[in-house]
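Peer 1: Can you keep this structure in mind? I'll have questions shortly.
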Amino acid sequence: MRVFAPGRVNLIGDHTDYVGGLVFPMAIDRGITLDVLPVSNRIELRSDRFDEPALIDLPVANASAIQPAWARYVGGVACELGATRGFVGHVFSDLAIAGLSSSAALEVSTALALGYSGTPLEVAKACQRAEQAASGVPCGIMDQLAIASGVEGSALLIDCRSLEVSPRPVPTDVEVVVVDSGQQRTLVGSEYALRRAQCEAVEAIVGPLRDARLADLDQIDDPTLGARARHVINENARVVDFADSLESGELSTAGELMVESHRSLANEFEVSTDELDELVAELCATKGVYGARLTGAGFGGAVVALAAPGALTRGFVVRASDRARVLD
Ligand code: GLA
């Protein structure tokens, strides 16, 4: 049995999903393939990227201590699904760079390889719980839901409160380009959890950030919390404007919104780095580039750019692709 789960790139709307906000990712034409045979009582998976295999006895009681660390995402899904039948085989990945959700793609492909047949939303929720339990990172649902619901040729406007997914065609006269900053990172041990906690602290004062207005932030004394909240409120508005701009072919406006998003992630949410800022500036100074921003959690990893076809010779073009699926 072969299953494929795409990675994802987020065009705009970062650090909004875990407070019921709006995001605009797309599943991409790169991802993780599992080539496996079913067996009882265990998972044995060899990776083309890591030397140590995942050797996991089923059922899994606690995935967080599994070694090597990459195997935790596999064990987390097995634990979440209560799997007693597993598989033996190989995992191949072309999601080498941080920021394209390789962990979520591994989770979703594992769920399919274990025979889970829930709806895309059920798959996404199970895999989000698996990631949280296995890694300790309180991630939102964007990555798993984008990977489980991708639509060829479309980016996905996702309302992380209602969990409604609205595919929006990506114009064909524009390229989405991913460029690696070269700065490695993992969310484990990052300030991701702190940022989420700061947003929740704001919500304890002003109520759901999704409904909050900038004027509500007058109630917040702590300038750091105020800045975090401003990012979320403005970013939600940018997602709507970006989706509309893309739909009406106003690519310069869409690009400007990406740059504003990056600036807000850097200055208000403080999840950018010097390397990411420099890379975004360099890309934006290139003829034919409409805009660029960090994508995903930040702290390193990848940058996404919107550009006229052929304008960028670095990085790689990604195409909006279909959801995770069983291949054969
Ligand atoms: C990571 C998380 C997502 C989301 C992004 C930031 O990718 O897994 O849930 O919070 O960061 O937008």
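Peer 1: Can you figure out the FRET efficiency of residue 84 with residue 50, using R₀ = 30 Å and their beta-carbon distance, to the nearest 0.05? Let's see the in-between values first.
Peer 2: Details: r = 25 Å, r/R0 = 0.85.
The pair residue 84/residue 50 has a calculated efficiency of 0.75.
Peer 1: Nearest 500 deg cm²/dmol is fine: what mean residue ellipticity at 222 nm does the chain get from its DSSP H runs of n ≥ 4 alone, each adding -39,500 (n - 2.57), divided by its residue count? Let's see the in-between values first.
Peer 2: Working: 8 runs with 115 residues, N = 328.
For the chain, the value works out to -11500 deg cm²/dmol.
Peer 1: I would also like to ask the following. At residue 281 and residue 200, where each label point lies 7 Å from the Cα along Cα→Cβ, what is the point-to-point distance in nanometres?
Peer 2: For the pair residue 281/residue 200, the computed spacing is 3.6 nm.
Peer 1: Is region 224-306 best put as rounded, prolate or oblate by its Cα gyration tensor, with a ≥ b ≥ c the root eigenvalues, rounded for a/c under 1.5, and otherwise prolate when a/b is larger than b/c, oblate when not?
Peer 2: Details: a/c = 2.35, a/b = 1.16, b/c = 2.03.
It is oblate, given that a/c is not under 1.5 and a/b is not larger than b/c.
Peer 1: From the C-alpha coordinates alone, can you work out the Kirkwood hydrodynamic radius of region 111-177, in Å? Walk me through the numbers on the way to the answer.
Peer 2: On the way: mean 1/r = 0.0758 Å⁻¹.
Mean inverse Cα-Cα distance, inverted, gives 13.2 Å.
Peer 1: Also, quick follow-up: Per-residue counts of other Cβ atoms within 10 Å, averaged by peptide: what ranking do you get for 197-203, 166-172, highest first? If you can, show how the numbers build up before the last one.
Peer 2: Working: 197-203: 18.0, 166-172: 14.6.
So the peptides 197-203, 166-172, ranked by packing, come out 197-203, 166-172.
Peer 1: In region 103-195, with Lys and Arg counted as +1 and Asp and Glu as -1 at Cβ, which of these residues, 118, 149, 138, has the Cα nearest the positive end of the dipole, that is, farthest along it?
Peer 2: Towards the positive end, the residue furthest out is 138.
Peer 1: Moving on. Pick out, in residue order, every one of the trypsin sites (Lys or Arg not before Pro) in region 230-328 that is DSSP loop and has at most 13 other C-beta atoms within 10 Å; say none if there are none.
Peer 2: Details: sites: 230, 238, 263, 287, 293, 314, 319, 323, 325; in loops: 287, 314, 319, 323.
Answer by residue number: 287, 314.
Peer 1: Hey, what's the Cα Rg ratio for the chain versus the globular rule of thumb, 2.2 N^0.38 Å?
Peer 2: Values: Rg = 19.2 Å, N = 328, 2.2 N^0.38 = 19.9 Å.
The value comes to 0.97.
Peer 1: Rounded to the nearest 0.05, what FRET efficiency do residue 317 and residue 215 give with R0 = 45 Å and r taken as the Cβ-Cβ distance? Could you check?
Peer 2: Working: r = 42 Å, r/R0 = 0.93.
Efficiency at R0 = 45 Å is approximately 0.60.
Peer 1: Is any residue of region 256-296 close enough, with backbone N under 15 Å, to a label point placed 7 angstrom from the Cα of residue 222 along the Cα-Cβ axis, and if so, which?
Peer 2: 269-270
Peer 1: Kirkwood Rh over Cα pairs of region 206-252 into Stokes-Einstein at 25 °C, 0.890 mPa s: D in µm²/s?
Peer 2: Details: Rh = 11.8 Å.
My calculation gives 207 µm²/s for D.
Peer 1: Here's a follow-up. Set Lys and Arg Cβ to +1 and Asp and Glu Cβ to -1, take the dipole of region 1-123 about its Cα centre, and tell me which of 67, 89, 53 lies farthest positive.
Peer 2: Comparing the listed Cα positions along the dipole, 89 ranks first.
Peer 1: Measure off 7 Å from each Cα along the Cα-to-Cβ vector at residue 267 and residue 186, then give the distance between these two points in nanometres to one decimal.
Peer 2: Placing both labels 7 Å beyond Cα along the Cβ direction yields 3.4 nm.
Peer 1: Could you give me D for region 2-119, from Stokes-Einstein at 25 °C and 0.890 mPa s, where the hydrodynamic radius is the Kirkwood radius over C-alpha pairs? Units µm² s⁻¹, please. Don't skip to the answer; put the middle values down first.
Peer 2: Details: Rh = 14.7 Å.
Answer from the Stokes-Einstein relation: 166 µm²/s.
Peer 1: Also, quick follow-up: Viscosity 1.306 mPa s, temperature 10 °C: give me the Stokes-Einstein translational D for region 114-239 in µm²/s, with Rh taken as the Kirkwood radius over C-alpha pairs.
Peer 2: 93
Peer 1: List the GluC sites (Glu not before Pro) within region 117-191 that fall in a DSSP loop (any state other than H, G, I, E or B) and whose Cβ has at most 16 other Cβ atoms within 10 Å. Can you show the working numbers first?
Peer 2: On the way: sites: 122, 131, 152, 164, 175, 191; in loops: 152, 191.
Counting only loop positions with at most 16 other Cβ atoms within 10 Å, the GluC sites (Glu not before Pro) in region 117-191 are 152, 191.
No value in this document is a laboratory result; all are computed from the given coordinates. This is a predicted model, so every value here is computed, not measured. Please note: Cβ atoms are built from the backbone with ideal geometry, for glycine as well, and neighbour counts cover all protein chains shown.
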